[in-house]
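Student: Have a look at this one before I ask anything.
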């Protein structure tokens with residue numbers, strides 16, 4: 001016997017009411033690939049589990065009127081990957097989400113869960129930050145929107161009010177000549193946690209960068225938006241000098257920890273290297289070089 | 001707290017069971033439903049020995065709550081063979097692509113799901129698709145070759 005309660009509301013309003021009523025003792029269940037492990041390890045003991053996957057808008061991918069995309073917080077990586085159009089417009093976001101765990105994990109794990117787990121090393125988060133995703137949040141006081149980079153507060157902590165639920169990510173419309181990419185450094189090729197992750201989104205006009213967003217994961221208590229790196233790229237033709245300046249900005253933004261996965265010095269160095277490699281892929285996708 | 005009543009479909013058959021909120025799908029499959037083909041290797045989603053399909057997509061049943069199965073369509077290794085073994089099962093026997101056998105049900109479920117989506121995978125694609133299926137005997141090479149050969153046979157048969 002157990003005193004845990006499982007709820008599977010069918011509407012967002014119902015979910016918000018049920019979650020708020022748990023007064024901090026509830027947990028949201030999307031793919032469950034972090035939650036169930038934390039429960040089994042005794043790290044979490046929620047009184048109520050609110051499964052959000054029966055709520056249609058949580059599991060849907062929709063094109064917005066202006067040509068962007070709205071991705072429900074509980075959409076799994078596998079569903080993202082199989083979407084016919086999303087991968088063409090936002091390949092970096094799709095790839096990053098599909099770096100999380102194995103094929104089996106991708107059948108369940110969601111970008112919403114990856115964000116709300118609050119790990120600085122979550123792979124989908126830097127890609128969403130580079131993409132300029134806006135997060136829709138709903139709580140007892142209503143609906144609000146936050147740029148994705150404002151959601152994490154620290155490892156395992158979020159800038160959400162009690163009772164608030166992440167509902168969806170909105171990716172903006174893409175100007176012509178745009179591309180995004182995400183790379184992570186891991187010592188093996190699959191099934192590992194990022195030592196450093198880097199997301200880049202670029203828009204090029206005749207080879208010149210007109211817009212850029214750069215993000216880093218696993219090098220600070222939260223995923224970082226690195227505005228100085230983006231500034232170094234904007235206006236350039238991605239020449240060596242501009243890339244070196246952006247790489248230096250990435251290294252300068254790092255505030256990493258020393259752990260078994262990598263030292264402070266290693267992570268700081270790799271952040272710059274990854275920026276160059278990720279920018280090259282984003283540029284190629286943008287139709288530059 | 002009262003038990004949760006769940007109605008679901010397993011291998012095409014309707015099933016009903018009672019479970020606790022935190023009980024895993026794997027636990028219910030192996031316990032009340034008596035389907036012990038899915039194995040618990042790690043219980044943390046790393047090894048893939050508990051791989052099942054939910055609405056034709058592979059997942060680790062140790063990382064799914066049994067309560068989530070309500071109204072879903074599940075597939076387990078017990079449903080893989082019809083009157084005859086599935087071509088993957090036959091090929092695994094032929095090529096001795098298993099040693100202790102603990103990982104085999106999960107590997108077969110994952111490989112079947114790959115071939116349904118991609119009848120002509122490269123070795124690279126097979127290895128990445130099966131990256132979440134750990135073989136504690138480290139017999140990966142025979143597994144990968146058996147999947148590749150099955151794919152080739154099935155393409156031949158479909159021609």
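Student: Of all residues being part of a helix (DSSP H, G or I) and touching a strand residue (DSSP E or B) at 6+ places or on another chain (Cβ under 8 Å) in the stretch A:83-96, which is nearest to the other protein chains (Cβ to nearest Cβ)? Just the residue, please.
Tutor: A:95
Student: A further question on this structure: Tell me the residue from A:59, A:97 that is closer than 18 Å to residue A:194 by Cβ and at pLDDT 95 or above, please.
Tutor: Only one candidate passes the filter, namely A:97.
Student: Right, next: Here is a list: A:255, A:277. Which entry is within 16 Å of residue A:180 (Cα to Cα) and surrounded by fewer than 19 Cβ atoms within 10 Å (Cβ to Cβ)?
Tutor: Going through A:255, A:277 in turn, the sole match is A:277.
Student: For the stretch B:92-105, state whether one or more residues are out of contact with any strand residue (DSSP E or B) (no Cβ under 9 Å at 6 or more places or on another chain), surrounded by fewer than 22 Cβ atoms within 10 Å (Cβ to Cβ) and assigned to a helix (DSSP H, G or I).
Tutor: Yes, that holds for at least one residue.
Student: Among the residues of the stretch A:70-82, what is the count of those that are within 14 Å of another protein chain (Cβ to nearest Cβ) and touching a helix residue (DSSP H, G or I) at 6+ places or on another chain (Cβ under 8 Å)?
Tutor: The qualifying residues number 7.
Let's see how each residue does on (1) assigned to a helix (DSSP H, G or I); (2) more than 9 Å from chain B (Cβ to nearest Cβ); (3) within 19 Å of the chain's Cα centre (by Cα); (4) at pLDDT 95 or above:
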| position | (1), (2), (3), (4) |
| --- | --- |
| A:9 | no, yes, no, yes |
| A:18 | yes, yes, no, yes |
| A:42 | no, yes, no, no |
| A:54 | no, no, no, yes |
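Student: Here is a further query. Do we have residue B:93 as closer than 21 Å to residue B:141 by Cα, out of contact with any helix residue (DSSP H, G or I) (no Cβ under 8 Å at 6 or more places or on another chain) and in the same structural domain as residue B:129 (by TED's automatic domain parsing) here?
Tutor: Yes.
Student: Out of all the residues in the stretch B:23-38, is one or more farther than 28 Å from residue B:128 by Cβ, touching a residue at least 40 places away in the same chain (Cβ under 8 Å) and within 9 Å of chain A (Cβ to nearest Cβ)?
Tutor: Yes, the stretch B:23-38 contains at least one residue that is farther than 28 Å from residue B:128 by Cβ, touching a residue at least 40 places away in the same chain (Cβ under 8 Å) and within 9 Å of chain A (Cβ to nearest Cβ).
Student: If you don't mind, there's one more thing I want to ask. In the list A:127, A:121, A:96, A:133, which residue meets the criterion of being surrounded by fewer than 23 Cβ atoms within 10 Å (Cβ to Cβ) and under 11 Å from the mean Cα position of the chain (by Cα)?
Tutor: Just a single option satisfies the conditions, and that option is A:121.
Student: Let me ask something else. Exactly one of these conditions fails for residue A:130: (1) more than 12 Å from every other protein chain (Cβ to nearest Cβ); (2) touching a strand residue (DSSP E or B) at 6+ places or on another chain (Cβ under 8 Å); (3) outside any helix (DSSP H, G or I). Give me its number.
Tutor: (3)
Student: Out of (1) over 26 Å from residue A:114 (Cα atoms); (2) surrounded by 14 or more Cβ atoms within 10 Å (Cβ to Cβ); (3) touching a residue at least 60 places away in the same chain (Cβ under 8 Å), what's the single condition that is false for residue A:222?
Tutor: (1)
Student: Determine, yes or no, whether residue A:268 is in a loop (DSSP other than H, G, I, E, B), surrounded by 17 or more Cβ atoms within 10 Å (Cβ to Cβ) and within 21 Å of the chain's Cα centre (by Cα).
Tutor: Here the answer is no, as residue A:268 does not meet what is asked.
Student: Now for a different question. Quick test for you: out of B:71, B:43, B:48, pick the one residue that is surrounded by 17 or more Cβ atoms within 10 Å (Cβ to Cβ), more than 14 Å from the chain's Cα centre (by Cα) and at positive phi.
Tutor: Among B:71, B:43, B:48, only B:43 is surrounded by 17 or more Cβ atoms within 10 Å (Cβ to Cβ), more than 14 Å from the chain's Cα centre (by Cα) and at positive phi.
Student: What number goes with the only condition from (1) surrounded by fewer than 20 Cβ atoms within 10 Å (Cβ to Cβ); (2) within 14 Å of chain B (Cβ to nearest Cβ); (3) on the phi > 0 side of the Ramachandran plot that residue A:67 does not pass?
Tutor: All conditions are met except number (2).
Student: Let me ask something else about it. All but one of (1) without any contact (Cβ under 8 Å) to a residue 40 or more places away in the chain; (2) outside the structural domain of residue B:19 (by TED's automatic domain parsing); (3) assigned to a helix (DSSP H, G or I); (4) within 20 Å of residue A:191 (Cα to Cα) hold for residue B:143; which doesn't?
Tutor: Of the numbered conditions (1) without any contact (Cβ under 8 Å) to a residue 40 or more places away in the chain; (2) outside the structural domain of residue B:19 (by TED's automatic domain parsing); (3) assigned to a helix (DSSP H, G or I); (4) within 20 Å of residue A:191 (Cα to Cα), the odd one out for residue B:143 is (1).
The values are calculated or read from the model by the stated rules, or taken from the named source; none is laboratory data. Source: prediction; values computed, not measured. Don't worry about glycine lacking a Cβ; one is built from the backbone with ideal geometry, like all the others, and counts go over all protein chains shown.
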